[in-house]
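Working notes, beginning with the structure itself.
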2 protein chains.
Amino acid sequence: MIKEHIVKSFDRDLESIQAKILKMGGLVEAAIANAAKALETRDLELAEEVRRNDKLIDALEDEINEDCATLLALRQPIAGDLRTILSVMKIAGNLERVGDYAKNLAKRTSILVQVTPIEGTAGAIRRMAREVELMLKDVLDAYIHRDAALAQDVRNRDEDVDQMYNALFRKFLTFMMEDPRNITACMHLHFIAKNIERAGDNTTSIAEQVIYLVTGETPEDSRPKADTTSYESKGEA
Amino acid sequence: MIKEHIVKSFDRDLESIQAKILKMGGLVEAAIANAAKALETRDLELAEEVRRNDKLIDALEDEINEDCATLLALRQPIAGDLRTILSVMKIAGNLERVGDYAKNLAKRTSILVQVTPIEGTAGAIRRMAREVELMLKDVLDAYIHRDAALAQDVRNRDEDVDQMYNALFRKFLTFMMEDPRNITACMHLHFIAKNIERAGDNTTSIAEQVIYLVTGETPEDSRPKADTTSYESKGEA
């Protein structure tokens, strides 16, 4: 797709920006994976590394925004090219937010090592993070190859993440009800789970950007939204 | 500022987009205020109205993005004008997220009316929401008048919102520890408080966009960040 009209200088500029998007995406995937691993293995050094690396992610977003602004000013793209640049900026913004959620997860690890672990939850959180990590990987592939079907697949998979969150939420609530001494740990673990669920939502937004880029249409809001807890007498949306 | 070079057709287009930003901002201010009021007065009809109106807010964001893309394509602005358009799109995105937080607050109201209220918390949440509402009002004034000082003032006031959140968080934790029957209500109230705190963060991002627009520089990250709970053995950042 990109190769086809490699001749256009716009596309050469765009490729260098897309390389930064991929670099940013790789850092964000690693951040989510390492943050969840650090939580499970109670590895404060790895958690600290995640927090440090978030600065690189933020810096890349700034670079990408600057590059896009320059590209808009110099090449003055229209139609599809313009749409691409605007999508790139949105995608960079979504990636930056996912990075923030990973940083937040890493922050909490330094608190959670101080309290008794809640059995089986760190593993469940790592599996949830793994889902989002794979969604991120696929949505970036979908973006680079302009693959709307793969983007739609990523969009659908967010439902699994939502359901993992719902299951964890019920588990936390039960632990808190059973023993008030679990409240502090469960509050943190719950926020971690919710932030991973939000990371999934941001990945879904990237998928929707890709679908818009390829088809020119924003997917209607009929995506099965499976975090139903805010409609029940517990949980949040 | 706008009047000075009203002659430019770019500015005429920009004015119509800025009118939509103000309309969107007004809807978002009302959403936050009404959602908090609905919670305090347990007014399900008002809560439902907030949820309905969020669709108008989302639609306005789409319109603004479309208008900006068209303006970029037709006028091919550079330098300051280009920066302005890119900021408008970011500001619309922040406003849309604040609207989502208000919608989420309204959702929870329909759950919270089913459980015993936690004394004094709905009022505290309404005061917190009021702070954010005033920040929104001022940041939109700051944007329209390109007033970096007012934007900086808004940015500083986010610290008060963070501190209100911290105080509420401790209150909720105490209520939960005291009586497990408070856990469900406190979980919801806590998410509401956290979402209002996030609404404040998004308003702060708008303030930073305004400062960037006027001074050409992004404020350094030295803003006193007062939600410290994620560094303590409770709470979240």
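A compact table of results
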| quantity | calculated |
| --- | --- |
| So A:MET135, is it part of a helix (DSSP H, G or I) and either farther than 19 Å from A:SER87 by Cβ or of a type in the set (Ser, Thr, Tyr) (or both) | no |
| Neighbours by Cβ (under 6 Å, 6+ apart or cross-chain): first from segment A:181-196, over 16 Å from B:ASP179 (Cα atoms) and more than 8 Å from chain B (Cβ to nearest Cβ); second among the hydroxyl-bearing types (Ser, Thr, Tyr) and in a helix (DSSP H, G or I) | A:LEU189/A:THR121; A:ALA193/A:TYR165; A:ASN195/A:TYR101 |
| Residue, nearest to the chain's Cα centre (by Cα), within segment B:64-79, restricted to residues that are facing chain A (nearest Cβ under 9 Å) and among the aliphatic types (A, V, I, L, M) | B:ALA69 |
| A:VAL88 vs. criteria more than 13 Å from the chain's Cα centre (by Cα) and either crowded, with 22+ Cβ neighbours inside 10 Å or under 30 Å from A:MET187 (Cα atoms) (or both) | yes |
| Tally, over segment B:32-47, of residues that are open to solvent by 50 Å² or more (accessible area, probe 1.4 Å) and within 19 Å of the chain's Cα centre (by Cα) | 1 |
| Residue in segment B:163-178 that is surrounded by fewer than 19 Cβ atoms within 10 Å (Cβ to Cβ), more than 25 Å from A:ASN202 (Cβ to Cβ) and modelled with pLDDT of 95 or more present | yes |
| So B:LYS90, is it within 15 Å of B:LEU22 (Cα to Cα), touching a residue at least 12 places away in the same chain (Cβ under 8 Å) and within 9 Å of another protein chain (Cβ to nearest Cβ) | yes |
| Exclusive hit being touching a residue at least 40 places away in the same chain (Cβ under 8 Å), assigned to a helix (DSSP H, G or I) and among the hydrophobic types (A, V, I, L, M, F, W, C), set B:ALA69, B:ALA31 | B:ALA31 |
| Per-region count, segment A:95-114, residues within 11 Å of another protein chain (Cβ to nearest Cβ) and open to solvent by less than 10 Å² (accessible area, probe 1.4 Å) | 5 |
| Selection status of B:GLU63, farther than 30 Å from B:ALA122 by Cβ, open to solvent by 50 Å² or more (accessible area, probe 1.4 Å) and part of a helix (DSSP H, G or I) | yes |
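The values are calculated or read from the model by the stated rules, or taken from the named source; none is laboratory data. These figures come from a predicted structure and were not determined experimentally. Every residue, glycine as well, gets a Cβ built from its backbone with ideal geometry; the counts of neighbours run over all protein chains shown. Surface accessibility is based on the protein's heavy atoms, side chains included, excluding ligands, DNA and RNA. Shrake-Rupley method; radii C 1.70, N 1.55, O 1.52, S 1.80 Å.
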